[in-house]
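The values are calculated or read from the model by the stated rules, or taken from the named source; none is laboratory data. Keep in mind that what you see is a predicted model, and the values were worked out from it rather than measured. Cβ placement follows ideal geometry from the backbone for every residue including glycine, while neighbour counts extend to all protein chains displayed.
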Amino acid sequence: MAAIPHDWAIYAHCQQQLANRSSLDDTSWGLESGLDTILGNKAQGESEVGFQVTRTISNASRRNRYGAMLLRKYSADITDGDEVSVICEYEARSDLARLTFGLSSQNYRLLILVGHGADRANLCQQFHINPMALRARIARARTEARKLLAT
């Protein structure tokens with residue numbers, strides 16, 4: 001029987017770790033990202049792949065923890081009182097309506113995707129631009145949105 005290529009041995013190991021987990025948490029999401037990294041990986045050396053997967057798992061876990069912390073921190077502010085919640089919903093709808101008509105469709109869609117936490121690499125592919133151009137476009141769109149909402 002032929003030996004399993006190293007990338008697939010790492011993939012099987014990560015998959016086994018994921019199967020052994022009893023809960024869905026930040027480590028689970030990190031392992032999922034590690035599996036995605038292996039699948040999207042071009043042929044590299046064994047040590048490079050292992051290091052890259054380990055780094056991806058820890059980074060994705062950290063991002064998930066940070067996102068959950070932000071959600072806990074800021075969602076509590078919005079949902080504290082019923083009257084405040086209704087006022088906030090009305091203001092949010094009003095602001096979104098102004099942004100819908102005031103921004104270009106591309107800038108509005110970009111800000112919505114960024115607000116939903118879309119991965120920057122996917123946004124680069126979707127908008128056909130490099131990461132630095134994406135960062136500049138997001139900054140310009142945010143500036144334009146702030147000016148619209150300030151008036």
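Any residue in the stretch 119-136 that's closer than 19 Å to residue 40 by Cβ: show its pairings with residues that are aliphatic (A, V, I, L, M) and part of a loop (DSSP other than H, G, I, E, B) at Cβ separation under 9 Å, as long as the two are six or more apart or on different chains.
Within 9 Å, the pairs are 123/129; 126/118.
From the list 19, 9, 68, which residue is modelled with pLDDT of 80 or more, of a type in the set (A, V, I, L, M), surrounded by fewer than 17 Cβ atoms within 10 Å (Cβ to Cβ) and in contact with a helix residue (DSSP H, G or I) (Cβ under 8 Å, 6 or more places away or on another chain)? First the steps, then the outcome.
Working: 19 fails: in contact with a helix residue (DSSP H, G or I) (Cβ under 8 Å, 6 or more places away or on another chain); 9 fails: in contact with a helix residue (DSSP H, G or I) (Cβ under 8 Å, 6 or more places away or on another chain).
So the residue among 19, 9, 68 that is modelled with pLDDT of 80 or more, of a type in the set (A, V, I, L, M), surrounded by fewer than 17 Cβ atoms within 10 Å (Cβ to Cβ) and in contact with a helix residue (DSSP H, G or I) (Cβ under 8 Å, 6 or more places away or on another chain) is 68.
Any idea which of (1) surrounded by 10 or more Cβ atoms within 10 Å (Cβ to Cβ); (2) farther than 24 Å from residue 64 by Cβ; (3) among the hydrophobic types (A, V, I, L, M, F, W, C) is the one residue 113 doesn't satisfy?
Going through (1) surrounded by 10 or more Cβ atoms within 10 Å (Cβ to Cβ); (2) farther than 24 Å from residue 64 by Cβ; (3) among the hydrophobic types (A, V, I, L, M, F, W, C) one by one, residue 113 breaks only (2).
Determine if the stretch 83-96 includes at least one residue that is at pLDDT 80 or above, under 23 Å from the mean Cα position of the chain (by Cα) and not polar (S, T, N, Q).
Within the stretch 83-96, one or more residues are at pLDDT 80 or above, under 23 Å from the mean Cα position of the chain (by Cα) and not polar (S, T, N, Q).
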